[in-house]
1. Please work out whether region 53-357 counts as rounded, prolate or oblate from its C-alpha gyration tensor, where a ≥ b ≥ c are the square roots of the eigenvalues and a/c under 1.5 means rounded, while otherwise a/b larger than b/c means prolate and anything else oblate?
2. For region 53-357: lysine pairs with Cα atoms under 19 Å, gap of 8 or more or different chains, count?
3. In Å, what is the Rg of the alpha-carbon atoms in region 186-271, and how long is Dmax?
4. Give, in nm to one decimal, the length gained when the segment between GLU163 and ASN251 is fully stretched (0.36 nm per residue of separation minus the Cα-Cα distance).
5. Grab the beta carbon distance between GLU41 and SER320, set R0 = 35 Å, and tell me the FRET efficiency rounded to 0.05.
6. Amide H neighbours of ARG220 under 5 Å, counting only residues 5+ apart in sequence or on other chains, H built in-plane at 1.01 Å?
7. Nearest-5 percent of antiparallel DSSP beta bridges in region 53-357?
8. How would you rank 369-380, 55-66, 14-25, highest first, on the average number of other Cβ atoms within 10 Å across their residues?
Amino acid sequence: MFDLIIRKANLPDGRTGIDVGILGERIAAVEAGLEGTAGREIDAAGRLVCPPFIDSHVHLDSTLSLGLPRLNESGTLLEGISLWGELKPSLTQEVIYQRARKLCFWSMARGTLAIRSHVDICDDRLLAVDALVALREEMKPYLDIQLVAFPQDGYIRYGKSPENLLRALDKGVDVVGGIPHFEATMADGALSVAQLVRIAAERGLQVDMHCDESDDPLSRHIETLAAETVRHRMHGRVTGSHLTSMHSMDNYYVSKLIPLIAEAGVAAVANPLINITLQGRHDTYPKRRGMTRVKELMAAGVTVSFGHDCVMDPWYPMGSHDMLEVANMALHVGQMTGVEEIKSCFAAVTENAAKVLNLENYGIAPGKNADLIVLQAGDAIEAIRLHAERLFVIRRGKILAETAPRVAQVHLGGEAKSLDFTRANLDLV
């Protein structure tokens, strides 16, 4: 007897016709032709069932603040930072909390059940820290939130950042962040990396650093981050986010850099929607895409995941927190349209992202958390192609969200045809 059984599912690893039996909050069985009954059964009918999506890089403290105090007219990174600086004095803990909470509901509906959010610690009041620590606790039954102490105005450049970062960690922030390319000098940037990794090592915490979010090919703080990771034996606990300068570096240097990253076990997070929007702004033509070298990093064995980064805030006026949209953009920009490459983009918003966050009990196997999505698609490639509907979102064995299948009615000569754009529907064309 199970609490819930999902029948005839396709799994991301290619298995088809699989039944998933759930007992309590865990997966109890994964096999074809599963015997037994359940309080409820879902007929996946050949649709893809996968673990939940994960956003490994977002900013919950600024989300849904679009237009405050005004719109970003230039659309640039620097104007966005300036706007955030103008907005911070008028922020309240309740406003930050409610906006971030609303995005969490969007996330649940989209099947995104784990989020790593950077939180600005350069507001001396630490309002955002208090708001998001409280939100993390409220959301625990529904989704997992990791918080990164992020010195938006620079760890060294803003004088109170060292004090504020320690205060934020003492309040329960999970991960040490940084922004070395925003420091006043390259030397200060390298110094900030060394100091921040040391703090994380001493406290037994992970590191996730905004690193080289620049078009400058000489912005090479990821090299320092990899070296400090090795120095402090932090293998598997450090992430470099953005890494957009790598897009502009010469190939010889990159041939040295990528093996260093792989050797150190540093993960990489690309943010396709934002990287291609904010980078290359000084270019006329040819214009650089700006996204880091995802394909090459993956080929070297580096764990690469994707983040949404911004949702309707001073830096990005678009978004609905759909990680399939992020994966779709990544494969286009990265020219990753080979079969295995597309699958790797799906992994970048699921299993790879789980590795970046060091999540436990993630996946589809007996004993894993019963956190699953039933998608209106037959496989991962189709899911990305269609931005597939999340028909069922399941958290710890309970249905958290449901969405009706997306079906169009096409009228031809008085006869209606149902069309859902999946491969299974091709016979109607």
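Rule-based calculations on the coordinates, nothing more; no lab input. Bear in mind the structure is a predicted one, so any value in this text is a computation, not a measurement. So basically every Cβ, Gly included, is an ideal-geometry build from the backbone, and we count neighbours across all protein chains shown.
1. rounded
2. 8
3. Looking at region 186-271, its Cα Rg and Dmax stand at 12.0, 37 Å.
4. 27.7 nm
5. Values: r = 30 Å, r/R0 = 0.87.
Taking R0 as 35 Å, the efficiency between GLU41 and SER320 is 0.70.
6. none
7. Beta bridges within region 53-357, antiparallel portion: roughly 5 percent.
8. Descending packing order for the listed peptides: 55-66, 369-380, 14-25.
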